[in-house]
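Structure first, then comments.
Bear in mind that the values in this text are calculations on the coordinates, not laboratory data. The model shown is predicted, which means the values in this text are computed figures rather than measured ones. So basically every Cβ, Gly included, is an ideal-geometry build from the backbone, and we count neighbours across all protein chains shown.
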Amino acid sequence: MDGCVQMCKCFLILFNILFALVGFGLVSLGMWLRFGAETRGFFDIDLNTKQFTIGVVVLVVTGVLMLLVAVIGNCGACNHSKSALGVFSGLLSFLIIIEIAAGVMAFTWSGKVSEELAKFYVTIYNQYLSTKSPGQAMTLKLFHNAFDCCGVSGPIEMYVRDTCPEGNFQKQLSFPSCPSVILDMFKSSAPVVLGWFLGTAGIMLVALLCSFILYKSPVCSQSPFSM
């Protein structure tokens, strides 16, 4: 093999190992969100959680698909298999399109998503005030620790202080209102999220190019398991 083909093979192997690790992480995250004791409150609270259920399913399915793509890609790169590389290229092309579309939608809909998430938080907050449900308390703690905020009334939160992030008395008096933090964070991070999606798609395009170069090299055969 010439140097270019050898570099492409090494890049594909490394790419697919990292791809598999990310896929495994997404599957693990989805399982934790659905069945973890800390996150079960999302599904137990008295609220329509269809969006969260769909989100968890998408995480798991995406993770499984990434694992499948990584296995096929490494099979093609290590065994010099044209058939495996062809399937890998097709699946990777599909994922690149999804990645770019997801980045554009995340950027375009960031305001809407932040508003819905803020409304969801306020709903959980109001329900917790009347029921003191453990599931709702756990959900509030997740929000408070993720966004480093507490409640809806600003610096001095009297009603859900037991769910606020840990800290000294002075810090607990300075926590901002969660709805405003959620809205500001999504607004400021939208370009970063778009850049992350497009950057990931760019790396996947390099892997697709390397797959094409390896596919066209004379060392590749049609058998998926030939050496």
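So between V113 and F94, what do we pick up on full extension, going 0.36 nm a residue minus the alpha carbon distance? Numbers along the way, then the final one.
Details: separation 19, 0.36 × 19 = 6.84 nm, distance 2.49 nm.
Fully extending the segment from V113 to F94 adds 4.3 nm.
Rank these for me by crowding, I13, I54, I96, going from fewest to most other beta carbons within 10 Å.
On the way: I13 14, I54 10, I96 18.
The order, fewest Cβ neighbours first, is I54, I13, I96.
Which order results if I124, I100, I17 are arranged by neighbouring Cβ count within 10 Å, fewest first? Each step should come with its number before you reach the end.
Numbers: I124 25, I100 18, I17 13.
The fewest-first ordering by Cβ neighbours comes to I17, I100, I124.
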Order of M31, M204 - criterion: other Cβ atoms within 10 Å of each residue's Cβ, fewest first: M31, M204
Unit Cα scatterers, Debye sum, the range 3-216: log10 I(q)/I(0) for q = 0.09, 0.10, 0.13 Å⁻¹: -0.49, -0.58, -0.83
